[in-house]
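In what follows, a structure is listed as C-alpha coordinates, so that the remarks can point back to it.
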Amino acid sequence: PVLFYCLEMDNVELYGKFIQGMTKRTEEMLTVEYLTKPDCREKAGIHNIFFQEKMAGESIVSVIKKIREAVLYLGVTQVYFDNLQFLTTGAQDENKAISIATKALKEIAMELKIIIVLISQPRKLMGNAEIEIFDGKGSSSIATDCDAYVSLWRKVIKSTTMEEDFKSASLSPFIKIRIVASRRSQGGETGLYYEGAHAYFRSIDVGDEKC
(Lines give C-alpha, C1' and ligand atoms only; values in the text may rest on other atoms or scores of the structure.)
Protein backbone atom coordinates (compact mmCIF):
# COMPACT_ATOMS: atom_id res chain seq x y z
CA PRO A 1 0.00 0.00 0.00
CA VAL A 2 1.15 3.51 -0.86
CA LEU A 3 0.28 6.88 0.71
CA PHE A 4 0.43 9.87 -1.63
CA TYR A 5 0.61 13.12 0.29
CA CYS A 6 0.10 16.13 -1.97
CA LEU A 7 0.01 19.76 -0.84
CA GLU A 8 -0.48 21.19 -4.36
CA MET A 9 -3.70 19.44 -5.46
CA ASP A 10 -6.88 18.45 -3.68
CA ASN A 11 -7.80 14.78 -3.64
CA VAL A 12 -10.34 15.00 -6.47
CA GLU A 13 -7.83 16.56 -8.88
CA LEU A 14 -5.07 14.19 -7.78
CA TYR A 15 -7.31 11.14 -8.16
CA GLY A 16 -8.24 12.27 -11.67
CA LYS A 17 -4.57 12.62 -12.63
CA PHE A 18 -3.78 9.12 -11.40
CA ILE A 19 -6.72 7.64 -13.29
CA GLN A 20 -5.75 9.57 -16.42
CA GLY A 21 -2.15 8.36 -16.32
CA MET A 22 -3.01 4.74 -15.61
CA THR A 23 -5.83 4.45 -18.18
CA LYS A 24 -4.20 6.71 -20.82
CA ARG A 25 -7.38 8.75 -21.20
CA THR A 26 -7.61 12.42 -22.13
CA GLU A 27 -9.03 14.92 -19.65
CA GLU A 28 -12.23 15.13 -21.72
CA MET A 29 -12.81 11.40 -21.18
CA LEU A 30 -12.58 11.71 -17.39
CA THR A 31 -16.25 12.35 -16.76
CA VAL A 32 -17.77 12.35 -13.30
CA GLU A 33 -19.70 9.23 -14.28
CA TYR A 34 -16.51 7.40 -15.19
CA LEU A 35 -14.50 8.54 -12.16
CA THR A 36 -17.24 7.54 -9.71
CA LYS A 37 -17.72 4.00 -11.00
CA PRO A 38 -17.26 1.52 -8.12
CA ASP A 39 -14.56 -0.43 -9.98
CA CYS A 40 -12.73 2.58 -11.43
CA ARG A 41 -9.83 2.48 -8.95
CA GLU A 42 -9.32 -1.25 -9.32
CA LYS A 43 -9.36 -1.18 -13.14
CA ALA A 44 -6.80 1.63 -13.08
CA GLY A 45 -4.59 -0.40 -10.76
CA ILE A 46 -4.61 2.15 -7.94
CA HIS A 47 -6.82 0.35 -5.43
CA ASN A 48 -3.89 0.19 -2.98
CA ILE A 49 -2.99 3.90 -3.26
CA PHE A 50 -4.32 6.20 -0.55
CA PHE A 51 -4.55 9.97 -0.95
CA GLN A 52 -3.99 12.16 2.08
CA GLU A 53 -6.17 15.26 2.09
CA LYS A 54 -4.12 18.44 2.32
CA MET A 55 -4.79 20.70 5.28
CA ALA A 56 -4.35 24.45 5.65
CA GLY A 57 -1.33 25.30 7.76
CA GLU A 58 0.05 21.75 7.56
CA SER A 59 3.15 21.28 9.74
CA ILE A 60 5.82 18.61 9.75
CA VAL A 61 4.50 17.43 13.12
CA SER A 62 1.03 16.71 11.69
CA VAL A 63 2.57 15.11 8.60
CA ILE A 64 4.62 12.69 10.73
CA LYS A 65 1.52 11.85 12.78
CA LYS A 66 -0.51 11.02 9.66
CA ILE A 67 2.30 8.92 8.18
CA ARG A 68 2.51 6.94 11.42
CA GLU A 69 -1.27 6.36 11.39
CA ALA A 70 -1.22 5.28 7.73
CA VAL A 71 1.45 2.69 8.47
CA LEU A 72 -0.40 1.43 11.56
CA TYR A 73 -3.95 1.28 10.18
CA LEU A 74 -3.47 0.88 6.40
CA GLY A 75 -0.24 -1.10 6.24
CA VAL A 76 1.44 1.58 4.12
CA THR A 77 5.03 0.75 3.14
CA GLN A 78 5.76 3.69 0.83
CA VAL A 79 5.01 7.40 1.17
CA TYR A 80 5.25 9.96 -1.63
CA PHE A 81 5.28 13.56 -0.45
CA ASP A 82 4.67 16.47 -2.85
CA ASN A 83 6.27 18.80 -2.06
CA LEU A 84 8.78 19.96 0.52
CA GLN A 85 8.69 23.67 -0.34
CA PHE A 86 4.89 23.87 0.05
CA LEU A 87 5.22 22.42 3.54
CA THR A 88 7.63 25.15 4.65
CA THR A 89 6.06 28.12 2.84
CA GLY A 90 5.56 31.02 5.24
CA ALA A 91 8.09 29.85 7.81
CA GLN A 92 10.16 32.64 9.34
CA ASP A 93 13.33 30.77 8.32
CA GLU A 94 12.42 28.50 5.39
CA ASN A 95 15.89 26.95 5.11
CA LYS A 96 15.78 25.94 8.77
CA ALA A 97 12.22 24.61 8.36
CA ILE A 98 13.31 22.50 5.38
CA SER A 99 16.23 21.10 7.39
CA ILE A 100 13.91 20.15 10.26
CA ALA A 101 11.45 18.51 7.84
CA THR A 102 14.04 16.41 5.98
CA LYS A 103 15.56 15.13 9.22
CA ALA A 104 12.12 14.31 10.68
CA LEU A 105 11.08 12.40 7.54
CA LYS A 106 14.36 10.49 7.47
CA GLU A 107 13.96 9.52 11.13
CA ILE A 108 10.37 8.28 10.68
CA ALA A 109 11.38 6.31 7.58
CA MET A 110 14.14 4.56 9.53
CA GLU A 111 11.93 3.99 12.59
CA LEU A 112 9.00 2.49 10.66
CA LYS A 113 11.20 0.83 8.00
CA ILE A 114 9.31 2.43 5.12
CA ILE A 115 10.33 4.19 1.92
CA ILE A 116 9.67 7.92 1.73
CA VAL A 117 10.00 9.66 -1.63
CA LEU A 118 10.27 13.38 -0.96
CA ILE A 119 9.60 15.62 -3.96
CA SER A 120 11.48 18.90 -3.93
CA GLN A 121 11.52 21.89 -6.25
CA PRO A 122 14.91 22.99 -7.65
CA ARG A 123 16.32 26.46 -7.28
CA LYS A 124 16.28 28.67 -10.38
CA LEU A 125 18.83 27.42 -12.90
CA MET A 126 20.34 29.21 -15.86
CA GLY A 127 19.15 28.17 -19.32
CA ASN A 128 19.10 24.40 -19.79
CA ALA A 129 21.41 23.57 -16.90
CA GLU A 130 20.76 20.12 -15.42
CA ILE A 131 19.99 19.63 -11.74
CA GLU A 132 22.95 18.77 -9.53
CA ILE A 133 23.06 17.50 -5.96
CA PHE A 134 22.86 20.85 -4.16
CA ASP A 135 20.30 22.43 -6.52
CA GLY A 136 17.32 21.65 -4.29
CA LYS A 137 15.50 24.85 -3.39
CA GLY A 138 16.33 25.71 0.20
CA SER A 139 18.58 23.93 2.67
CA SER A 140 21.51 21.69 1.70
CA SER A 141 19.92 19.11 4.04
CA ILE A 142 17.78 17.99 1.07
CA ALA A 143 20.91 16.41 -0.39
CA THR A 144 22.70 15.39 2.79
CA ASP A 145 19.76 13.66 4.51
CA CYS A 146 18.58 11.52 1.60
CA ASP A 147 19.78 8.03 0.71
CA ALA A 148 19.27 8.62 -3.01
CA TYR A 149 18.96 11.89 -4.93
CA VAL A 150 17.15 11.52 -8.25
CA SER A 151 16.66 14.37 -10.71
CA LEU A 152 14.11 14.68 -13.53
CA TRP A 153 15.07 17.10 -16.27
CA ARG A 154 13.38 18.33 -19.47
CA LYS A 155 15.03 20.58 -22.03
CA VAL A 156 13.44 23.98 -22.59
CA ILE A 157 12.61 24.23 -26.28
CA LYS A 158 11.67 27.90 -26.31
CA SER A 159 13.08 30.29 -23.76
CA THR A 160 13.46 34.03 -23.46
CA THR A 161 14.86 36.38 -20.87
CA MET A 162 11.35 37.45 -19.85
CA GLU A 163 10.12 35.76 -16.67
CA GLU A 164 6.51 35.45 -17.85
CA ASP A 165 7.57 33.98 -21.21
CA PHE A 166 9.93 31.49 -19.60
CA LYS A 167 7.16 30.12 -17.41
CA SER A 168 5.11 29.29 -20.50
CA ALA A 169 8.06 27.96 -22.51
CA SER A 170 7.71 24.68 -24.34
CA LEU A 171 9.41 21.67 -22.79
CA SER A 172 10.79 18.64 -24.55
CA PRO A 173 8.74 15.45 -24.05
CA PHE A 174 12.01 13.60 -23.38
CA ILE A 175 12.73 13.24 -19.66
CA LYS A 176 16.23 12.55 -18.38
CA ILE A 177 16.13 10.65 -15.08
CA ARG A 178 19.44 10.64 -13.28
CA ILE A 179 20.63 9.24 -9.95
CA VAL A 180 22.72 12.22 -8.94
CA ALA A 181 23.86 10.61 -5.69
CA SER A 182 23.19 7.38 -3.81
CA ARG A 183 24.50 5.71 -0.69
CA ARG A 184 23.86 2.22 -2.04
CA SER A 185 24.56 2.35 -5.79
CA GLN A 186 26.93 3.86 -8.32
CA GLY A 187 24.16 5.90 -9.90
CA GLY A 188 23.25 6.10 -13.56
CA GLU A 189 20.68 7.63 -15.87
CA THR A 190 17.88 6.70 -18.25
CA GLY A 191 15.20 8.39 -20.30
CA LEU A 192 11.42 8.37 -20.65
CA TYR A 193 8.95 10.03 -22.98
CA TYR A 194 6.11 12.12 -21.53
CA GLU A 195 2.72 11.79 -23.20
CA GLY A 196 1.29 15.11 -22.03
CA ALA A 197 -2.21 14.64 -23.47
CA HIS A 198 -2.66 11.50 -21.36
CA ALA A 199 -0.42 12.43 -18.39
CA TYR A 200 1.82 9.37 -18.37
CA PHE A 201 5.44 8.37 -19.04
CA ARG A 202 6.53 5.63 -21.41
CA SER A 203 9.71 4.13 -22.84
CA ILE A 204 11.38 6.01 -25.67
CA ASP A 205 10.66 4.41 -29.04
CA VAL A 206 13.03 4.39 -32.00
CA GLY A 207 10.57 6.43 -34.04
CA ASP A 208 10.21 9.27 -31.52
CA GLU A 209 11.29 12.57 -32.96
CA LYS A 210 14.27 13.94 -31.03
CA CYS A 211 13.89 17.37 -29.51
Item to check | Separation of the F134 and E8 label points, Cα + 7 Å toward Cβ, nm | outcome: 2.6 nm
Item to check | Within the chain, helix-based [θ] at 222 nm, where runs of 4 or more DSSP H residues each add -39,500 (n - 2.57), nearest 500 | outcome: -9500 deg cm²/dmol
Checklist entry - Residue by residue, what Karplus-based ³J(HN,Hα) values in Hz, rounded to whole numbers, does region 81-97 have, using 6.51, -1.76 and 1.60 with θ = phi - 60° and x for Gly and Pro? => result 10, 10, 9, 4, 5, 5, 5, 9, 4, x, 5, 4, 10, 5, 4, 5, 5
Checklist entry - Along the principal axes of its C-alpha atoms, what lengths does region 58-117 span, in descending order and rounded to whole Å? => result 35, 18, 16
Checklist outcome for this item: Over the chain, with neighbouring protein chains present, the accessible area per residue in Å² at probe 1.4 Å is 63 Å²
Checklist entry - If contacts are Cα pairs under 8 angstrom and at least 6 residues apart, what is the relative contact order of the chain in percent? => result 19 percent
Checklist entry - Which whole-Hz ³J(HN,Hα) couplings does region 127-138 yield from phi under the Karplus relation 6.51 cos²θ - 1.76 cosθ + 1.60, θ = phi - 60°, glycine and proline marked x? => result x, 9, 4, 7, 6, 10, 4, 9, 8, x, 6, x
Item to check | Of all accessible heavy-atom area on the chain, the percent that carbon and sulfur account for (1.4 Å) | outcome: 55 percent
Checklist outcome for this item: Comparing L84, L105, L30 in a Gaussian network model of the chain (Cα, 10 Å), the one with the largest mean-square fluctuation is L30
Checklist outcome for this item: Per the Kirkwood formula over distinct C-alpha pairs, the hydrodynamic radius of region 1-93 in angstrom is 14.5 Å
Checklist outcome for this item: The Cα radius of gyration of the chain, divided by 2.2 N^0.38 Å with N its residue count, comes to 1.09
Checklist entry - If r is the Cβ-Cβ distance from L74 to L125 and R0 is 30 Å, what FRET efficiency results, to the nearest 0.05? => result 0.20
Checklist outcome for this item: For F81, F18, the accessible-area ranking with a 1.4 Å probe, largest leading, is F18, F81
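The values are calculated or read from the model by the stated rules, or taken from the named source; none is laboratory data. Please read all numbers here as calculations on a predicted model, not as lab measurements. Note that we place each Cβ from the backbone using ideal geometry, even for glycine, and neighbour counts take in every protein chain shown. Heads up: the accessible areas ignore ligands, DNA and RNA and are worked out on the full protein's heavy atoms, side chains in. Shrake-Rupley method; radii C 1.70, N 1.55, O 1.52, S 1.80 Å.
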